[in-house]
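Asks: Let me begin by handing over the structure; questions about it come next.
Just so you know, all these numbers are worked out from the coordinates, no wet-lab data involved. The model shown is predicted, which means the values in this text are computed figures rather than measured ones. Quick reminder, even Gly has a Cβ in these numbers, built from the backbone with ideal geometry, and neighbours come from all protein chains shown.
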Amino acid sequence: MTLDFFPSRTLTLYLAKMFSLRIIAVLVMLVLVLMMLDLLSTSGEILAVPGNTEADLWLYASLRIPLLIQRFLPYSVLLATIITLVTLNQNSEVIAMKAAGLSAHQVLAPLILTALVVAAGTFAFNERVVTRAAAELNAWEKSKFGALPAAEEDSGVIYLIDGPDILTARSYNEAGPPPRCAT
């Protein structure tokens, strides 16, 4: 007795592709509608600042879209699951798969695998893109959509490695240590 968790390669790819396309379609639809509503409510504040132009609206959208994706991707996966299963049921594809001898877990396995891949991609996206966009958008909102203050170059803690030891410093001087007084 073998445990085949996935149906045939062709059917697995078909189900995964169908599910992936629906996730993307629902996500794009949600993000576009919500971004338009967000721009309707925020564009007046952004354009009220002297010197802000349409380019600043695009900047706001580029910083806000990753946050919308982060928030609404789980809902997109949920809605895409429902849409995918309803579509398969309407076209009698589930009945055909059951008639071919597939179990329920074999029908759902490609969807679960796709959801796991989406979850891993979401984690990476949140860590690499969303954190930076959120920080920049928060700083811009705190400045009331005006010019952002220049960041200090020497702020933060500096880590140095000395063999097996890790040293920390609050600042450094590129010129080296100050000259010593002769006594």
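Asks: Starting from the Cα-Cα distance between D162 and K17, subtract it from 0.36 nm times their residue separation and give me the gain in nm to one decimal.
Replies: Length gained between D162 and K17: 47.1 nm.
Asks: For the chain, calculate the relative contact order in percent as a whole number, restricting contacts to Cα pairs under 8 Å that are 6 or more residues apart.
Replies: Once normalised by length, the contact order is 27 percent.
Asks: Taking θ = phi - 60°, what integer Hz values does the Karplus form 6.51 cos²θ - 1.76 cosθ + 1.60 yield along the range 129-137, in sequence order, with x for Gly and Pro?
Replies: These are the phi-based 3J(HN,Hα) values: 10, 5, 4, 5, 5, 5, 5, 5, 5 Hz.
Asks: State whether the chain is rounded, prolate or oblate according to the following rule on the C-alpha gyration tensor (a ≥ b ≥ c being the square roots of its eigenvalues): a/c under 1.5 gives rounded; otherwise a/b larger than b/c gives prolate, and the remaining case gives oblate.
Replies: The shape class here is oblate.
Asks: Follow-up. Can you give the FRET efficiency to the nearest 0.05 for S143 and M35, using r as the Cβ-Cβ distance and R₀ = 30 Å?
Replies: Efficiency, rounded to the nearest 0.05: 0.90.
Asks: Just to confirm a number: summing +1 for Lys and Arg and -1 for Asp and Glu over residues other than L108 whose beta-carbon lies under 14 angstrom from that of L108, what do you get?
Replies: Working: positive: K98; negative: D4, E93.
Computed value for this residue: -1.
Asks: For n ≥ 4 DSSP H runs only, could you compute -39500 (n - 2.57) per run for the chain, divide by its residues and tell me the 222 nm figure to the nearest 500? Could the numbers behind the result be given before it?
Replies: On the way: 5 runs with 118 residues, N = 183.
Value at 222 nm, helices only, nearest 500: -22500 deg cm²/dmol.
Asks: Right, here's the next one. When the Cα centres of the range 85-154 and the range 1-68 are compared, how far apart do they sit, in Å?
Replies: 9 Å
Asks: What is the order of L15, L39, fewest Cβ neighbours within 10 Å to most?
Replies: L39, L15
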